[in-house]
Amino acid sequence: MVESDGKVKIYIPSTHPRDDYMKLERKVDDLEITAGSDVDDITRQMFAAGGFTGQKFSMAVDILEKMAKEDNCTNFLSFPACIISTGTRGIIKDMIKKDLFSVIMTTCGTLDHDLARIWKDYYHGYWDADDSLLHQEGVNRLGNIFIPNECYGEILENKMNEMLQDMYDKGKTEMSTYELIWEIGKRLDNKDSILYWAAKKEVPIIVPGITDGSVGSQLFFFAQDHDLKIDLFKDEKLLADKVFEAECTGSLMIGGGISKHHTIWWNQFRGGLDYAVYITTAAEWDGSLSGARVKEAVSWGKVKEEAKYVTVEGDATMLLPFMYGSLLKRI
């Protein structure tokens, strides 16, 4: 737009973590990377370098820093199960260990993969493997990860039955999903586990689709001859308390689906998120929630109009390690 004084100004929406208005004075700078450059130095340069996803990446770390340093901010973390089959599990675990998030929202497969990898190993595979042959050999493929049957369904069935019976014997017959996860975590002795740290730190992990996975199936089978109940409304009560009492809320949302939606859905009841970072590989044009950019949530009141937000397109298993490394340097 051209002001009355003839100067040109560009409007930058509230996704920008710094100023709402900027004069046409900020030039594009070249990256200067040396052998001594660290991840945060490069991240900071990426904003000034401009250009596509690199600038969004830099903005995302700025917003995550603000979330982490904001007094009395209730921060949500949401993600799908697939990344827990990879080494990215270690970052999720560390973020819980370091108390960076107040509430976790995820899918049942997160429980499956976190638990299975305590007792068994997953293996490197490849994308163009012969899936019929893998099936014949009893190997499941998750992207380029190979998961033998004995490392997933079989071990989970045996171990979950033992834990559920122990819970039941101790009077744990009706639980929310976050209480169930804390009970599982208390029975683990493995510091690589997400569930172990969630229980230790008493960070609630809420799984709205608790029956959609191996752990969920074991709950169903156990309940056939035991009076076991999962109280989903207790999960919702905790979320209601969190959002209605929050002075400020922020969220790092990795991937879409029910985890992302349950996060933004509850935040609409307080007028929306104040901060939001979304990482996705999905296309916007198909109308899916996974493809929907954060700005679409503004129209629903799930993210505030004046919020600091950004959508970063890319694979979380590549982006998150660098984002987290940069964030740790700052906090």
If you take the residues in the stretch 239-260 that are in contact with a helix residue (DSSP H, G or I) (Cβ under 7 Å, 6 or more places away or on another chain) and closer than 24 Å to Ile84 by Cα, which one is surrounded by the fewest Cβ atoms within 10 Å (Cβ to Cβ)? Gly255
Pairs under 6 Å by beta carbon, first residue touching a residue at least 24 places away in the same chain (Cβ under 8 Å) in the stretch 201-223, partner part of a helix (DSSP H, G or I) and of a type in the set (Gly, Ala, Ser), six or more apart or different chains? Ile205/Ala198; Ile210/Gly216; Gly213/Gly109; Ser214/Gly153
Within the stretch 271-278, is even one residue touching an Asp or Glu at 6+ places or on another chain (Cβ under 7 Å) and β-branched (Val, Ile, Thr)? no
Regarding Asp189, is this residue surrounded by fewer than 20 Cβ atoms within 10 Å (Cβ to Cβ) and more than 21 Å from Lys260 (Cα to Cα)? yes
Checking Asp128 against (1) in a helix (DSSP H, G or I); (2) free of Cβ contacts under 8 Å to residues at least 12 places away in the same chain; (3) farther than 23 Å from Glu154 by Cβ, only one condition comes out false. Which one? (1)
Among what's in the stretch 200-220 and is small (Gly, Ala, Ser) and assigned to a helix (DSSP H, G or I), pick the residue that is farthest from Asn75 (Cα to Cα). Ser217
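Condition check ((1) part of a loop (DSSP other than H, G, I, E, B); (2) farther than 30 Å from Leu232 by Cβ) across all residues:
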residue	(1), (2)
Gly87	yes, yes
Gly109	no, no
Arg117	no, no
Leu133	no, yes
Asn140	no, no
Phe146	no, yes
Glu154	no, no
Filter pass, Ile181 being part of a helix (DSSP H, G or I), within 21 Å of the chain's Cα centre (by Cα), surrounded by 19 or more Cβ atoms within 10 Å (Cβ to Cβ) and free of Cβ contacts under 8 Å to residues at least 60 places away in the same chain: no
When both residues are 6+ apart or on different chains and their Cβ atoms are under 9 Å apart, which pairs have a first residue that lies in the stretch 28-43 and is over 17 Å from Lys329 (Cβ atoms), and a second that is surrounded by fewer than 12 Cβ atoms within 10 Å (Cβ to Cβ)? Val28/Gly51
If you go through the stretch 297-315 one residue at a time, do you hit one that is under 18 Å from Leu64 (Cα atoms) and polar (S, T, N, Q)? yes
Scan the stretch 10-24 and tell me whether some residue there is surrounded by 12 or more Cβ atoms within 10 Å (Cβ to Cβ), among the aliphatic types (A, V, I, L, M) and at pLDDT 95 or above. no
Looking at Thr281, Thr263, which one is touching a residue at least 24 places away in the same chain (Cβ under 8 Å), among the β-branched types (Val, Ile, Thr), surrounded by fewer than 20 Cβ atoms within 10 Å (Cβ to Cβ) and out of contact with any His (no Cβ under 7 Å at 6 or more places or on another chain)? Thr281
Mind checking which residues of the stretch 177-199 are more than 13 Å from Met167 (Cα to Cα), among the acidic types (Asp, Glu) and in contact with a helix residue (DSSP H, G or I) (Cβ under 6 Å, 6 or more places away or on another chain)? none
Which condition breaks for Ser326 when tested against (1) of a type in the set (Gly, Ala, Ser); (2) in a helix (DSSP H, G or I); (3) within 29 Å of Gly153 (Cβ to Cβ); (4) out of contact with any Pro (no Cβ under 8 Å at 6 or more places or on another chain)? (3)
Val310: crowded, with 22+ Cβ neighbours inside 10 Å, of a type in the set (Val, Ile, Thr) and more than 18 Å from Ile104 (Cβ to Cβ), yes or no? yes
Hits in the stretch 31-66 - residues which are among the aromatic types (Phe, Trp, Tyr) and closer than 16 Å to Met323 by Cα: Phe47, Phe57
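The values are calculated or read from the model by the stated rules, or taken from the named source; none is laboratory data. Please read all numbers here as calculations on a predicted model, not as lab measurements. Because the Cβ atoms are built from the backbone with ideal geometry, glycine has one as well, and the counts that use them run over all protein chains shown.
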